[in-house]
1. Is it the case that some residue within the stretch 61-83 is free of Cβ contacts under 8 Å to residues at least 24 places away in the same chain and surrounded by 13 or more Cβ atoms within 10 Å (Cβ to Cβ)?
2. Write out, first by first residue and then by second, each pair whose Cβ atoms fall under 7 Å of each other, whose residues are 6+ apart or on separate chains, and whose first residue, in the stretch 168-183, is outside any loop (DSSP other than H, G, I, E, B) while the second is among the small types (Gly, Ala, Ser).
3. Quick one: count up the residues across the stretch 4-27 that are over 26 Å from LYS93 (Cα atoms) and either touching a residue at least 12 places away in the same chain (Cβ under 8 Å) or assigned to a helix (DSSP H, G or I) (or both).
4. So in the stretch 215-232, with the set limited to residues that are buried (at least 19 other Cβ atoms within 10 Å of the Cβ) and away from ligand 2 (no atom under 13 Å from the Cβ), which one is nearest to VAL54 (Cα to Cα)?
5. Which residue is surrounded by the fewest Cβ atoms within 10 Å (Cβ to Cβ), if the candidates are limited to the stretch 184-196 and must be part of a loop (DSSP other than H, G, I, E, B) and of a type in the set (A, V, I, L, M, F, W, C)?
6. Could you list, ordered by first residue, the pairs with Cβ atoms under 8 Å in which the first is in the stretch 227-238 and touching a residue at least 40 places away in the same chain (Cβ under 8 Å) and the second is in a loop (DSSP other than H, G, I, E, B) and surrounded by fewer than 18 Cβ atoms within 10 Å (Cβ to Cβ), at least 6 apart or interchain?
7. Within the stretch 32-135, which strands (runs of 3 or more DSSP E) (wholly inside it) include 2 or more residues that are at pLDDT 95 or above and within 11 Å of ligand 1 (Cβ to nearest atom)?
8. Under the condition of being touching a Gly at 6+ places or on another chain (Cβ under 7 Å) and more than 13 Å from ligand 2 (Cβ to nearest atom), which residue from the stretch 142-171 is nearest to GLU9 (Cα to Cα)?
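The values are calculated or read from the model by the stated rules, or taken from the named source; none is laboratory data. The structure presented is a predicted model; accordingly, all values stated were derived computationally and were not measured. Glycine gets a Cβ as well: all are built from the backbone with ideal geometry, and neighbour counts include every protein chain shown.
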Amino acid sequence: MTSLAKYAEIVDEAARSAGAIPQFTTSAPLGVEEAYAIQALSLERRFSRGERLVGVKMGLTSRAKMIQVGVDEVIWGRLTDAMRLEEGGSLSKKRYVHPRVEPELAFLMKRDLSGVVSAAEALSAVEAIAPAMEIIDSRYRDFKFALPDVIADNSSSSGFVVGNWARPDQDFSNLGIVMEVDGRPAQIGSTAAILGDPIRSLVAAVKATAAIGGLKAGWIVLAGGATAAHSLATGQFVRTTMQNLGSVSIRVEE
Ligand code: OOG
Ligand code: MG
């Protein structure tokens with residue numbers, strides 16, 4: 001087994017068993033390219049267990065997120081069918097190490113998109129948009145990592161929930177967002193926090209996924225957290241409402 005495959009096994013097992021691991025970069029130098037190779041190999045393990053690739057998530061596309069985790073590069077990860085949670089449904093906290101939730105905008109792709117694309121071209125490939133939330137759960141102890149660590153760990157992605165799809169031919173560049181926990185606002189923001197306009201995150205997603213052939217029709221693309229993430233506690237009910245687009249919610253169970 002190559003060392004990259006070994007790292008992939010460690011991170012995959014940590015995700016499966018919800019057990020925290022030490023950061024890779026504290027014991028070995030690891031580059032960004034190797035980190036993406038580890039991510040690909042760890043996801044291959046899931047695909048061999050029957051999970052399906054259903055899209056990608058962009059990460060660290062807002063200042064609030066970069067500041068919260070101390071990493072300031074845009075990253076991406078893979079979404080599988082097993083990561084999708086039912087809208088309005090519940091999440092089992094014991095299946096995660098230390099889960100957090102963050103408000104995101106989701107894109108549904110109407111057609112494949114690859115190469116160098118403009119914002120207008122990217123938008124023309126979008127079937128629909130929706131309010132969404134991502135569940136992130138770093139497999140590293142204390143949610144602490146350097147850029148290569150988080151990339152190897154599928155960019156912390158652990159789950160996602162998507163609200164009702166809406167037409168993309170509307171202005172979604174600066175929509176108000178409120179993420180409530182048990183009815184109290186926990187995070188307030190705007191879609192404009194995502195690279196100034198979430199469509200830029202879609203353009204970045206096309207570029208980021210060039211090595212795997214770009215984005216595919218039917219895929220979901222998460223644009224990245226618009227605000228800092230909230231740490232989940234058992235019993236909490238979290239709802240994100242996005243101006244003009246409605247809301248999306250999840251309940252945290254044991
Ligand atoms: C890294 C993943 C970042 C986002 O939306 O910015 C991310 C992390 O915060 O653990 O998902
Ligand atoms: Mg996110």
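1. So far as the stretch 61-83 goes, yes, one or more of its residues are free of Cβ contacts under 8 Å to residues at least 24 places away in the same chain and surrounded by 13 or more Cβ atoms within 10 Å (Cβ to Cβ).
2. GLY176/SER190; ILE177/GLY189; ILE177/SER190; ILE177/ALA226; MET179/ALA186; GLU180/ALA186
3. Looking only at that region, the number is 4.
4. TRP219
5. Step by step, filter the stretch 184-196, then rank; the result is LEU195.
6. Qualifying pairs under 8 Å: SER231/HIS98; THR234/GLU254; GLN236/ASP182; PHE237/ASP182; PHE237/GLY183.
7. 53-59, 75-80, 100-109
8. PRO148
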